[in-house]
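Student: Pasting in a structure now, in structure tokens, and then I'll have a few things to ask.
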Amino acid sequence: MLSSNPGPIGIFDSGYGGLTILHGIRKLLPQYDYLYLGDNARAPYGTRSFDVVYEFTRQAVERLFAMGCHLVILGCNTASAKALRTIQQNDLPQLDPNRRVLGIIRPTAEVIGSLTQSRHVGIFATEGTIKSESYNLEIHKLFPDIQVSGVACPFWVPLVEYNEADSPGADYFVEKRIRQLLSLDPAIDAIILGCTHYPILMPKIRKFLPQSIRVIAQGDYVAKSLKDYFDRNTEIEKKCTKGGKVHYLTTENPEKFKESAQIFLHEPVEVENITLG
């Protein structure tokens, strides 16, 4: 039986990228408690099938619920693309209809209409997110006139996780994908970073992109969307504890998590190892 006592806000990612989402949310909403779970042992999710991503994500959501979270944010584009809808529609009614699971694709889609003049938008993301066409679908629901072009960037996540984002070697991989995207649609004037690792590559991305093209990292937009959600759903907001604390969980080696987390957070963290599945 799940506890009805208030608890932290859960944030889940397959690895470290969701830390950029956590950082954005904490900047705007520092008063809440957060429980971050990284399934680092089974990352990356980007190339895995829908069924596997759904199964892994459901396991993580169930664990965060069991640890007291009434609200879980899938701080992972692949999980948001491949698992969110099934969990919301099929699993929540059985697990606890009063709990909520939110993704990070819709909040980004909601703001894109105000960020593009040309109505031509680009997406950089993992192979799984691009193939799912989740961004195209969400954007077209809200803004049917916007043309969306996406490019998968398979080497960008390893560049970040191996702390090579600032290295000269990263230039080749970043410039290659930028050229590919702009050759698909030269009219693009806004690009969504549809993977939570990619903001770490922002200096390199800006180096090779025309200044006139806006680059959209998700953290700040997800944070604003969460604040709006709390304003509209006070019954959920009241179930989120406010102590300003963050606790980190990983399915991988905690020491490795500590080291890599510094790339994203620039602060020391305490981490606990857990198993899923």
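Student: In the set S212, S183, S149, which member is over 17 Å from G75 (Cβ atoms) and part of a strand (DSSP E or B)? Walk me through how you get there before you give the answer.
Tutor: Numbers: S212 fails: part of a strand (DSSP E or B); S183 fails: part of a strand (DSSP E or B).
Answer to the selection: S149.
Student: Take A152 and decide whether it is in contact with a Leu (Cβ under 6 Å, 6 or more places away or on another chain), open to solvent by less than 70 Å² (accessible area, probe 1.4 Å) and in contact (Cβ under 8 Å) with a residue 24 or more places away in the chain. Before the answer, list the steps.
Tutor: Details: in contact with a Leu (Cβ under 6 Å, 6 or more places away or on another chain): no; open to solvent by less than 70 Å² (accessible area, probe 1.4 Å): yes; in contact (Cβ under 8 Å) with a residue 24 or more places away in the chain: yes.
No: the conditions fail for A152.
Student: Looking only at segment 158-178, how many residues end up being free of Cβ contacts under 8 Å to residues at least 12 places away in the same chain and either in contact with a strand residue (DSSP E or B) (Cβ under 7 Å, 6 or more places away or on another chain) or open to solvent by 30 Å² or more (accessible area, probe 1.4 Å) (or both)? Walk me through it before giving the result.
Tutor: Looking only at segment 158-178, we keep the residues that are free of Cβ contacts under 8 Å to residues at least 12 places away in the same chain, and these are 158, 162, 164, 167-169, 172, 176.
Now narrow it down to the ones that are either in contact with a strand residue (DSSP E or B) (Cβ under 7 Å, 6 or more places away or on another chain) or open to solvent by 30 Å² or more (accessible area, probe 1.4 Å) (or both): 158, 162, 164, 168-169, 172, 176.
Result for segment 158-178: 7.
Student: Residues that are part of a loop (DSSP other than H, G, I, E, B) and farther than 18 Å from P199 by Cα: does segment 104-114 have at least one?
Tutor: Within segment 104-114, one or more residues are part of a loop (DSSP other than H, G, I, E, B) and farther than 18 Å from P199 by Cα.
Student: Moving to a separate point now. From (1) of a type in the set (D, E); (2) exposed (fewer than 15 other Cβ atoms within 10 Å of the Cβ); (3) in a loop (DSSP other than H, G, I, E, B), pick out the condition that doesn't hold for E252.
Tutor: (2)
Student: Can you tell me which of I87, I105 is crowded, with 17+ Cβ neighbours inside 10 Å, over 16 Å from the mean Cα position of the chain (by Cα) and not charged (D, E, K, R)?
Tutor: Details: I105 fails: over 16 Å from the mean Cα position of the chain (by Cα).
One residue alone meets the criteria, I87.
Student: So in segment 1-55, with the set limited to residues that are basic (K, R) and either in contact with a Ser or Thr (Cβ under 9 Å, 6 or more places away or on another chain) or in a loop (DSSP other than H, G, I, E, B) (or both), which one is least open to solvent (accessible area, probe 1.4 Å)? If you could, list the steps in order and put the result at the bottom.
Tutor: First pass over segment 1-55, keeping only residues basic (K, R): 26-27, 42, 48.
Still in the list and also either in contact with a Ser or Thr (Cβ under 9 Å, 6 or more places away or on another chain) or in a loop (DSSP other than H, G, I, E, B) (or both): 42, 48.
Working: R42: 46, R48: 83 Å².
Applying the filter and picking the extreme gives R42.
Student: Another question about this same structure. How many residues are open to solvent by 40 Å² or more (accessible area, probe 1.4 Å) and either touching a Phe, Trp or Tyr at 6+ places or on another chain (Cβ under 6 Å) or modelled with pLDDT under 95 (or both) if we restrict to segment 256-277? Let's see the steps before the verdict.
Tutor: In the first step, residues of segment 256-277 are kept if they are open to solvent by 40 Å² or more (accessible area, probe 1.4 Å); the result is 256, 258-259, 262, 266-268, 270, 272-273, 275, 277.
Still in the list and also either touching a Phe, Trp or Tyr at 6+ places or on another chain (Cβ under 6 Å) or modelled with pLDDT under 95 (or both): 256, 258-259, 262, 266-268, 270, 277.
Residues in segment 256-277 being open to solvent by 40 Å² or more (accessible area, probe 1.4 Å) and either touching a Phe, Trp or Tyr at 6+ places or on another chain (Cβ under 6 Å) or modelled with pLDDT under 95 (or both): 9 in total.
Student: Between residues in segment 57-69 that are within 15 Å of Y36 (Cβ to Cβ) and outside any helix (DSSP H, G or I) and residues that are at pLDDT below 95 and open to solvent by 50 Å² or more (accessible area, probe 1.4 Å), which pairs lie under 8 Å by C-beta distance while being six or more apart or on different chains?
Tutor: These pairs meet every condition: G68/S3.
Student: Let me ask something else about it. Please count how many residues of segment 214-229 are without any contact (Cβ under 8 Å) to a residue 60 or more places away in the chain and over 17 Å from the mean Cα position of the chain (by Cα). Break it down stepwise before answering.
Tutor: Keep residues of segment 214-229 that are without any contact (Cβ under 8 Å) to a residue 60 or more places away in the chain, which gives 215, 228.
So of that shortlist, the ones also over 17 Å from the mean Cα position of the chain (by Cα) come out as 228.
So the count comes out to 1.
Student: It is to be established whether one or more residues within segment 212-223 are of a type in the set (D, E, K, R) and modelled with pLDDT under 95.
Tutor: Just the residues of segment 212-223 that are of a type in the set (D, E, K, R), to begin with: 214, 220.
Then drop every residue that is not modelled with pLDDT under 95, which leaves 220.
There is at least one residue in segment 212-223 that is of a type in the set (D, E, K, R) and modelled with pLDDT under 95.
Student: For segment 183-232, enumerate the residues that are more than 20 Å from P154 (Cβ to Cβ), surrounded by fewer than 16 Cβ atoms within 10 Å (Cβ to Cβ) and among the hydroxyl-bearing types (S, T, Y).
Tutor: S212
Student: Sticking with this one: With the checklist (1) open to solvent by 50 Å² or more (accessible area, probe 1.4 Å); (2) more than 18 Å from G75 (Cα to Cα); (3) in contact (Cβ under 8 Å) with a residue 60 or more places away in the chain; (4) within 22 Å of the chain's Cα centre (by Cα) in hand, flag the one item K242 doesn't pass.
Tutor: Result: K242 fails condition (4) only.
The values are calculated or read from the model by the stated rules, or taken from the named source; none is laboratory data. Not measured: the values here are computed from a predicted model. All Cβ positions, even for glycine, are placed from backbone atoms using ideal geometry, and neighbour counts span all protein chains on display. Ligands, DNA and RNA are excluded from the accessible area calculation, which covers all protein heavy atoms including side chains. Shrake-Rupley method; radii C 1.70, N 1.55, O 1.52, S 1.80 Å.
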